[in-house]
Amino acid sequence: MDKLINDFSFGLFVWVSIIFVVLIILMRKFAWKPILEALNSREEGISNALKAAENAKKELEALNADNERILKEARAERDVMLKEAREIKEKIVSEAKGEASAEAEAIITNAKATIELEKQAALTELKTQVAGISIDIAKKIIKSELASEESQLALVEKSLNEVILN
Amino acid sequence: MKTNSFFKLLFTFAQILKTINIHERMIGKLNLKVLVVLMLALVPSFTMNANDDQHQSGAYHEEATHHENNENAHKALPHSEEEGYNDGVNTKDEVADYIQHHLGDSHDFVFFSDEAAGHHYGFPLPIILVDNGLKVFMSSEFHHGDKVVTKGDAHYRLYHGKIYKTDAEGTIEYDEHHHPTNAKPLDLSITKNVFSILAISILMLLLFRSLAKGYKNGPIPTGFARVLEPLVIFVRDEIARPNIGEKKYRKFMGFLLTVFFFIWITNLLGLTPLGINVTGNIAVTICLALFTFIIVQFSGNKDYWKHIFWMPGVPVPMKIVLAPIEVLGMFTKPFSLLIRLFANITAGHTVVMGILAVIYIGKETLGTGGSIGVSLFLTLFINVIELLVAFLQAYIFTMLSSLFIGMAVEEHDHH
């Protein structure tokens, strides 16, 4: 302790105090202040940039979500439209089918009626013609059969025989 | 031998600069490697220079004495001790004297001496004495203690690093403890330590001014500033912010950063062969701790003083008992700072030089090669530790300063 006190130099102490005060003032003004300000502004810049990036990411996500939603809606709308179209088509087709079959049936019915009528007419005509032809044939046969005496007699005979037999 | 050592010194600095330059871009990865290279570069030159320094110390102490410690050694020295030279530092007492001489301040900056010719290689520093007016002259006038300087009607003599008023013949009077009783003039000389501090201050200003200027070119520093910037951020984020608090730390950054880099750079330069011992000087550490003390007292808020003189939350008798303890605590905190720094650096220098002395002391038992080997190995080892201590002490001083400041400015919401 004695030695420590002996070693203590007042002059050195005074000089160190002065130099240190001046050093602190100078360093504050010329070094620490600009350095710390630069560091702070850099750190703020970095954190701001990070925040901006985060925001941009969020916005992008929102945008993506929107797109997704719109796409989904569009798809749903398309599906609905398709479904409706399909329904309409089916309806139209079935309606057309119904109408067509009804018409066809009507036509067929008409045709059948007409055919029946025509058939009846034809049959009637045919009957008339067959009757006429038969009469003609009969006339011709009778004419030929009754051309001679003998044949007339033979016929009478025959007819008499038939009548007898009956 | 002398020029050799000087070149070694230059070479060392060149190597440091080169290393920094080479590894500038990969300094992060190669931190450890750089450290080791620097160590290897520094240690041999240190030993070389110390070798020379020891011759210089021989100039101050003529004969071997048989006393155990330095103080006793001084007692037995004859008055004419400064006049003769011997062949170096060979005995334990001479080693102790030499270490004491290194640890103390001096009035000239001597790198090494030629004991045979009596030459000291270095430069003189101005002596400023306040004794019936201001007396300024160069320390070379003392001729390293050989001559009495006469200014006006007063005579001054340099004796063991201190300036005493003497008669024309330079007689030193002693008391019963063999301490000089001559009057001492107020000595405001630019001593070796003052000179070193000035040089370090200028170095710091240049270094950090360049870092500050670098930010004008862009937010990312380049070159050596890239090494400095993380340290500034370290002091801010690891020392000031957590201890003082986010709101108030800015005000104290100037002091904390300055004190951190001042102590660190000074400690590091103390490890170089320049042979300066600034932070191992009690006057310097007292001054630094005084700054912390003053800043703490002046930034202390109402709560701080209340906690010292009238501790809240305890019974009245306890408040009375606690007040003197807390007042004592005001002074013991900075006192521990100054003692810690002083003791650590002094111890480091003493151990390094003591181990270097093994070269001479252990020559008989270990042989020349053995003593040199053991000494160099141990010195390298201690030097690596000292590199760590240099940083650690700067860190602890700054850290505790900011802790004390933090305690003084803290807001106590819970009371």
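The values are calculated or read from the model by the stated rules, or taken from the named source; none is laboratory data. These numbers were taken from a predicted model, which means no experiment stands behind them. Quick reminder, even Gly has a Cβ in these numbers, built from the backbone with ideal geometry, and neighbours come from all protein chains shown.
Within region B:158-174, can you find the residues that are among the β-branched types (V, I, T) and outside any loop (DSSP other than H, G, I, E, B)? Before you say what the answer is, go through the steps one by one.
Within region B:158-174, the first condition is being among the β-branched types (V, I, T), and the residues that meet it are B:163, B:166, B:171-172.
Answer for region B:158-174, where residues must be among the β-branched types (V, I, T) and outside any loop (DSSP other than H, G, I, E, B): B:I163, B:T166.
Quick check on region B:258-270. Is at least one of its residues over 26 Å from B:M353 (Cα atoms) and free of Cβ contacts under 8 Å to residues at least 60 places away in the same chain?
Yes, region B:258-270 has at least one match.
Residues in region B:272-329 that are within 14 Å of another protein chain (Cβ to nearest Cβ), polar (S, T, N, Q) and not in a helix (DSSP H, G or I): how many?
Number satisfying all stated conditions: 3.
Just need a number here: residues in region B:244-254 that are among the β-branched types (V, I, T) and facing chain A (nearest Cβ under 8 Å).
Our first condition is that a residue be among the β-branched types (V, I, T); within region B:244-254, this holds for B:244.
Applying the additional criterion that residues be facing chain A (nearest Cβ under 8 Å) yields none.
Counting residues in region B:244-254 that are among the β-branched types (V, I, T) and facing chain A (nearest Cβ under 8 Å) gives 0.
Under the condition of being of a type in the set (F, W, Y) and surrounded by fewer than 24 Cβ atoms within 10 Å (Cβ to Cβ), which residue from region B:262-317 is nearest to the chain's Cα centre (by Cα)?
In the first step, residues of region B:262-317 are kept if they are of a type in the set (F, W, Y); the result is B:262, B:264, B:291, B:293, B:298, B:304-305, B:309-310.
Next, only the ones that are surrounded by fewer than 24 Cβ atoms within 10 Å (Cβ to Cβ) stay: B:264, B:291, B:293, B:298, B:304-305, B:309-310.
Numbers: B:W264: 10, B:F291: 17, B:F293: 20, B:F298: 28, B:Y304: 33, B:W305: 34, B:F309: 36, B:W310: 40 Å.
Here the answer is B:W264.
Which residue, of B:L378, B:L366, is in the same structural domain as B:I244 (by TED's automatic domain parsing), modelled with pLDDT of 90 or more and either among the hydrophobic types (A, V, I, L, M, F, W, C) or out of contact with any strand residue (DSSP E or B) (no Cβ under 6 Å at 6 or more places or on another chain) (or both)?
On the way: B:L366 fails: modelled with pLDDT of 90 or more.
Going through B:L378, B:L366 in turn, just one is in the same structural domain as B:I244 (by TED's automatic domain parsing), modelled with pLDDT of 90 or more and either among the hydrophobic types (A, V, I, L, M, F, W, C) or out of contact with any strand residue (DSSP E or B) (no Cβ under 6 Å at 6 or more places or on another chain) (or both): B:L378.
I'd like to check something: does region A:45-52 contain any residue that is of a type in the set (G, A, S) and more than 60 Å from the chain's Cα centre (by Cα)? Talk me through it step by step, then tell me what you get.
Within region A:45-52, the subset of a type in the set (G, A, S) is A:45, A:47, A:49, A:52.
Among the residues that remain, those that are also more than 60 Å from the chain's Cα centre (by Cα) are: none.
No, region A:45-52 contains no residue that is of a type in the set (G, A, S) and more than 60 Å from the chain's Cα centre (by Cα).
From the list B:H155, B:H177, exactly one residue is more than 18 Å from the chain's Cα centre (by Cα) and either among the small types (G, A, S) or in a loop (DSSP other than H, G, I, E, B) (or both). Which is it? First the steps, then the outcome.
Values: B:H155 fails: either among the small types (G, A, S) or in a loop (DSSP other than H, G, I, E, B) (or both).
Of the residues listed, the single one that is more than 18 Å from the chain's Cα centre (by Cα) and either among the small types (G, A, S) or in a loop (DSSP other than H, G, I, E, B) (or both) is B:H177.
Quickly run through region B:338-354 and pick out the residues that are buried (at least 21 other Cβ atoms within 10 Å of the Cβ), of a type in the set (A, V, I, L, M) and either within 18 Å of B:P273 (Cα to Cα) or not assigned by TED's automatic domain parsing to the domain that holds B:I294 (or both).
Selection gives B:I345, B:V352, B:M353.
Could you count how many residues in region B:355-365 are in a helix (DSSP H, G or I) and surrounded by 12 or more Cβ atoms within 10 Å (Cβ to Cβ)? Write out each step before concluding.
Here is the first cut: in region B:355-365, the ones in a helix (DSSP H, G or I) are B:355-356, B:358-361, B:363-365.
Pick out the ones that are also surrounded by 12 or more Cβ atoms within 10 Å (Cβ to Cβ) and you get B:355-356, B:358-361, B:363.
The number of residues fulfilling the criteria is 7.
Kindly indicate which of B:I339, B:I385, B:I372 is assigned to a helix (DSSP H, G or I), modelled with pLDDT under 90 and of a type outside the set (F, W, Y).
Details: B:I339 fails: modelled with pLDDT under 90; B:I385 fails: modelled with pLDDT under 90.
Unique residue meeting the criteria: B:I372.
Which one of B:L257, B:L269 is of a type outside the set (D, E), in a helix (DSSP H, G or I) and more than 10 Å from chain A (Cβ to nearest Cβ)?
On the way: B:L257 fails: more than 10 Å from chain A (Cβ to nearest Cβ).
Exactly one residue qualifies, and that residue is B:L269.
Restricting the search to region B:210-221, which residues are surrounded by 13 or more Cβ atoms within 10 Å (Cβ to Cβ) and either at pLDDT 90 or above or more than 7 Å from chain A (Cβ to nearest Cβ) (or both)?
B:S210, B:K213, B:G214, B:P221
For region B:124-134, which residues satisfy the criterion of being within 18 Å of B:D105 (Cα to Cα) and part of a loop (DSSP other than H, G, I, E, B)? Full working, then the answer.
Our first condition is that a residue be within 18 Å of B:D105 (Cα to Cα); within region B:124-134, this holds for B:124-129.
The answer is B:L125, and nothing else.
Tell me, yes or no, whether region A:63-84 has at least one residue that is on the phi < 0 side of the Ramachandran plot, free of Cβ contacts under 8 Å to residues at least 40 places away in the same chain, within 8 Å of another protein chain (Cβ to nearest Cβ) and assigned to a helix (DSSP H, G or I). If you could, list the steps in order and put the result at the bottom.
Going through region A:63-84, the residues on the phi < 0 side of the Ramachandran plot turn out to be A:63-84.
From what's left, free of Cβ contacts under 8 Å to residues at least 40 places away in the same chain: A:63-84.
Still in the running and within 8 Å of another protein chain (Cβ to nearest Cβ): none.
No: region A:63-84 contains no residue that is on the phi < 0 side of the Ramachandran plot, free of Cβ contacts under 8 Å to residues at least 40 places away in the same chain, within 8 Å of another protein chain (Cβ to nearest Cβ) and assigned to a helix (DSSP H, G or I).
Anything in region A:5-20 that is surrounded by 12 or more Cβ atoms within 10 Å (Cβ to Cβ) and more than 8 Å from every other protein chain (Cβ to nearest Cβ)? List them, or say none. Lay out the reasoning, then the answer.
Initially, region A:5-20 is screened for residues surrounded by 12 or more Cβ atoms within 10 Å (Cβ to Cβ), giving A:6-20.
Result: A:I18, single match.
Criterion first (within 7 Å of another protein chain (Cβ to nearest Cβ) and either basic (K, R) or touching a Lys or Arg at 6+ places or on another chain (Cβ under 6 Å) (or both)) does A:F30 satisfy it? If you could, list the steps in order and put the result at the bottom.
Details: within 7 Å of another protein chain (Cβ to nearest Cβ): yes; either basic (K, R) or touching a Lys or Arg at 6+ places or on another chain (Cβ under 6 Å) (or both): yes.
Spelling it out, A:F30 is indeed within 7 Å of another protein chain (Cβ to nearest Cβ) and either basic (K, R) or touching a Lys or Arg at 6+ places or on another chain (Cβ under 6 Å) (or both).
For (1) in contact with a helix residue (DSSP H, G or I) (Cβ under 7 Å, 6 or more places away or on another chain); (2) under 21 Å from B:I172 (Cβ atoms); (3) of a type outside the set (F, W, Y); (4) in a helix (DSSP H, G or I), each residue gets a yes or a no:
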site	(1), (2), (3), (4)
B:D97	yes, yes, yes, yes
B:H102	yes, no, yes, yes
B:D105	yes, yes, yes, no
B:F112	yes, no, no, no
B:Y121	yes, no, no, no
B:V136	no, no, yes, no
B:D146	yes, yes, yes, no
B:T150	no, yes, yes, no
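Could you pull out the residue among A:S47, A:S94, A:S41, A:S9 that is in contact with a strand residue (DSSP E or B) (Cβ under 8 Å, 6 or more places away or on another chain) and hydroxyl-bearing (S, T, Y)? Quick ask: steps written out before the conclusion?
Details: A:S47 fails: in contact with a strand residue (DSSP E or B) (Cβ under 8 Å, 6 or more places away or on another chain); A:S94 fails: in contact with a strand residue (DSSP E or B) (Cβ under 8 Å, 6 or more places away or on another chain); A:S41 fails: in contact with a strand residue (DSSP E or B) (Cβ under 8 Å, 6 or more places away or on another chain).
One residue alone meets the criteria, A:S9.
I'd like to know if region A:49-57 contains one or more residues that are within 14 Å of chain B (Cβ to nearest Cβ), surrounded by 10 or more Cβ atoms within 10 Å (Cβ to Cβ) and assigned to a helix (DSSP H, G or I). Spell out the reasoning first.
From region A:49-57, those within 14 Å of chain B (Cβ to nearest Cβ) are A:49; that's our starting set.
Now drop any that are not surrounded by 10 or more Cβ atoms within 10 Å (Cβ to Cβ), which leaves A:49.
Filter once more, keeping what is assigned to a helix (DSSP H, G or I): A:49.
Scanning region A:49-57 turns up at least one residue that is within 14 Å of chain B (Cβ to nearest Cβ), surrounded by 10 or more Cβ atoms within 10 Å (Cβ to Cβ) and assigned to a helix (DSSP H, G or I).
What's the total number of residues in region B:222-236 that are in a helix (DSSP H, G or I) and either free of Cβ contacts under 8 Å to residues at least 40 places away in the same chain or within 8 Å of another protein chain (Cβ to nearest Cβ) (or both)?
From region B:222-236, those in a helix (DSSP H, G or I) are B:225-236; that's our starting set.
Still in the running and either free of Cβ contacts under 8 Å to residues at least 40 places away in the same chain or within 8 Å of another protein chain (Cβ to nearest Cβ) (or both): B:225, B:228-234, B:236.
Residues flagged as in a helix (DSSP H, G or I) and either free of Cβ contacts under 8 Å to residues at least 40 places away in the same chain or within 8 Å of another protein chain (Cβ to nearest Cβ) (or both) within region B:222-236 amount to 9.
Any chance you could count how many residues in region B:130-155 are out of contact with any Asp or Glu (no Cβ under 6 Å at 6 or more places or on another chain) and within 14 Å of chain A (Cβ to nearest Cβ)?
Number satisfying all stated conditions: 5.
Considering (1) farther than 30 Å from B:F137 by Cα; (2) at the interface with another protein chain (Cβ under 8 Å from one of its Cβ atoms); (3) surrounded by 19 or more Cβ atoms within 10 Å (Cβ to Cβ); (4) under 27 Å from the mean Cα position of the chain (by Cα), say which one B:I239 fails and leave the rest.
Status for B:I239: all satisfied but (2).
Restricting attention to region B:183-199, which residues are outside any loop (DSSP other than H, G, I, E, B) and more than 9 Å from every other protein chain (Cβ to nearest Cβ)? Please lay out each step first, then the result.
First, the residues of region B:183-199 that are outside any loop (DSSP other than H, G, I, E, B): B:186-187, B:192-199.
B:K192, B:F195, B:S196, B:A199, listed by residue number.
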